Amino acid sequence: MPLLLQIYYSFPVRLLVLHLRSHLILLVVWTILVAFSAGLAGRFFGMHYLMLTPEYHGQVNFLSFLISGIAFGGLVMIWHLTTYLLCSNRFPFLATLGAPFTKYCLNNSLVPLGFLAVWLTCTTWFQWHDELTSSAEIVWNIAGFILGTLITTGLFAAYFHLTNKDLYNIHWTPRLGGRLLLRQRLPSVQDIQIGATRWRVDTYLTERCHARLVRSVSHYDPKVLEQVFRQNHWNAVVVLIVGLFFLMAQGIFMEKEWARIPAGATIYMLAGIVMALYGAIRFWFRQWGTAVFLSTIFMVNILTGWGLFNYRNRAYGLDYTRENRAVYDYNAFEKIATPTQIQDDKAATLQILENWLAKNRTLENPKPKMVLVCASGGGHRAALWTMQTLQKADIATGGKLLRQTALITGASGGMMGAAYVREAMLRHAEGERIAPQEPELLEDMGKDLLNSVSFAVVANDLFFPISSFKSGNFSYRKDRGYLFEHQLNENTHGFFSRKLSEYREPERRAKVPMLIASPFVLNDARRLLISPQGVSYLMQPNAGKLAAQVEIDGIDFGRFFAAQQADSLAFSTAMRMSATYPFILPNVWLPTNPSVEVLDAGFRDNYGIGLAVRFAHVFKDWIKENTSGVVLVQIRCWNKIHTIAPSDDKGVIDALLTPAEAAGGNMTDIQDFEQDNAVSLLNDALGGNMVEVVRFHYRPVRKNREASLSFHLSRREKLDIFEAFYTADNQASVKALKQVLR
């Protein structure tokens, strides 16, 4: 027989062909993992970093790789178990072999070995190039991964080697429910006799990787063959069920630091769950598997929509009792944005501005510049870049930048970074021995936040959350939103642990700048204006006599949810609501009737310019009288001018997707255009060129690609962000800022 045919009819190749023909969903899972590892998918969110450099307890080391290897070994065994359940009946000769499952796993390893080869190549390069790891450490880390994989596969192999039977030692004893569970899902006697399920295989590999010829099974009693497969399959089902319950049990320990395994490990676990569920549906329903799978998704959507087995994430501190829900409609908005309420809130804010003026006015400079800091979204990179810029620019201006800042606006990570610096300002003003310029703060903000989130997704959020905690006067379930806030406070030594109301007095006395978070309300595209102060004057454009013709597009959180104890809102929740990027963090459901949910502030105003301009426009008269102008300090992680993408090679499908691309892909560009216009109009309203704009851009220095939007950054990315401040453009911005604040 020609060599190519010998290879084709070998057991490993025949299994691969069978998977390509019948189990594409399982291969798609492996393809996604390969794409993540190679950076072909999810690079924008840093998925390849999680796969290639697992982090545990804030460290990338032998232990973190070992844990990821253990999880990968579990995925490999689920792959073997699932495919064994689905296709072993096509290879009756397995029943004649000693340790049939062990031999099956060995011959079924082409796919996981292919993935492992890709992963080893990518992680070696990434650790050397991006994590700046030494060769010895790389070898040691990879050894940990391989050891972890061998531990898991070894334990599974030992179990099945000891418990799975073959033709020569099978002793059939009926199990309660065994025939009910496995009946009609194995080859029948008639199937085996006529070879209906059999695929031709000439050779297979033994445990020593020696090729052996396949023996005929035609002379064996088909009933005995069926018993062998039933017993082997029963063991596989038991292991899958036990593994699923073990994963669910992990959710109980989600708050424990030791339980937060590396994010890459949770990805392997999630992939294993998908494989196991797909295998279970195909195993039980065979040809009806696809229909059952789609029906299951449909039913799950209906049941969770009714509130069954579905926990909606909440804003911690608010009252969610049914009888105390806020009515969410336009009439309710108008009851807040009354002329009287707006005047009262404006008067209170004017007193804050007077206190700000008293702090900054000097004999040499009786009319100081008012600084409005606008921090863009952009995940962890935006948080680090905003902190780095505020710290360094404040040092360069002799402390004037932070002292003269009256308001901070923005979105997502940028707001988190600015809020961290602001909290350091407050603690310094209260007498603590900490300065907002200290580099240790930057180091803490750079710590991983994604491991906790991804762990909670797999171990808790895929099931109904069981554990609960108290915030304010109410109890809530622990999910990935809770664990994100918990990890954030853990990383920053409790700097985000205050309630919203605890900032009211410091802001009133101008100890710290006002800060307004503005998450996006998914249901009607309005923004939720979260501030300890009354900000009803920001609920609609300052249109004067045309106010009745201008729609309310924002909601004063404190006023609207006063009856739901808005003052008790956890500040970490306010920051999370502003940074709720889809899929990564859960949408926050609000206590309203009808119910509404909020997303990342970047959907409405990714740069914070729109809100800052509206604030300045409301108080333009006071600004003209008491200051020498407004300085908009924009700290952004996105290029303002992009390369124009051509439309030359668009196919039919691409053309159909063009409207969605325009709405989503160009969202931040559209905001830029509109905000440039708003800044121009503000300058015209203030008159006399009283508006200055100083922009600080993060652009990659050390690498071709900019840092990802993930809540996890590599060492090279952090260095790149730190060095970006010293580029020519940003140093020119420092010089311009010093000039306008002199």
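Quick notes on this structure:
- Taking region 22-113 and dividing mean pair separation by its residue count, relative contact order in percent (alpha carbons under 8 Å, at least six apart): 17 percent
- Rounded to the nearest 0.05, the FRET efficiency derived from the C-beta distance between residue 509 and residue 680 at R0 = 41 Å is 0.75.
- Seen from residue 333, the other residues with C-beta closer than 13 Å to its C-beta sum to a net charge of -2, counting Lys and Arg as +1 and Asp and Glu as -1.
- Where the alpha-carbon atoms of region 1-56 are placed on the principal axes, they occupy 50, 21, 21 Å, in descending order.
- Dimensionless Rg over Rh [region 397-476; C-alpha; Kirkwood]: 1.10
- Virtual paramagnetic centre 7 Å along Cα→Cβ of residue 430, amide N under 19 Å, in region 555-574: 567-574
- Residues whose amide H comes within less than 5 Å of that of residue 631, counting only those at least five positions distant or on another chain, are 370, 371, 372, 692 (H built at 1.01 Å from N in the peptide plane).
- A straight chain from residue 695 to residue 120 at 0.36 nm per residue would run longer than the Cα-Cα distance by 202.9 nm.
- Gain upon complete extension [residue 547, residue 522; 0.36 nm per residue less C-alpha separation]: 6.5 nm
- Label-to-label distance, nm, for residues given as residue 295 and residue 322 (7 Å Cα→Cβ offset): 3.1 nm
- Overall dimensions of region 338-484 as given by Cα atoms, namely Rg and Dmax in Å: 19.6, 64
- In order along region 623-630, phi translates into HN-Hα couplings of 5, 5, 7, 10, 10, 9, x, 10 Hz, rounded to whole numbers, per the Karplus curve 6.51 cos²θ - 1.76 cosθ + 1.60 with θ = phi - 60° and x for Gly and Pro.
- Estimated FRET transfer efficiency (residue 728, residue 395; beta-carbon r; R0 25 Å; 0.05): 0.85
- Region 549-593 - Debye-derived log10 I(q)/I(0), Cα point model, q = 0.16, 0.17, 0.25 Å⁻¹: -0.56, -0.62, -1.05
- Distant alpha-carbon pairs in region 53-149 (separation over 22 angstrom), percent: 40 percent
- Normalised alpha carbon radius of gyration of region 369-434 [divisor 2.2 N^0.38 Å]: 1.06
- Computed extension gain for residue 350 through residue 363, at 0.36 nm per residue and net of the alpha carbon distance, reaches 2.5 nm.
Just so you know, all these numbers are worked out from the coordinates, no wet-lab data involved. Model, not experiment: these values are computed from the prediction. For neighbour counting, all protein chains shown are included, and Cβ atoms are generated from backbone atoms with ideal geometry for every residue, glycine included.
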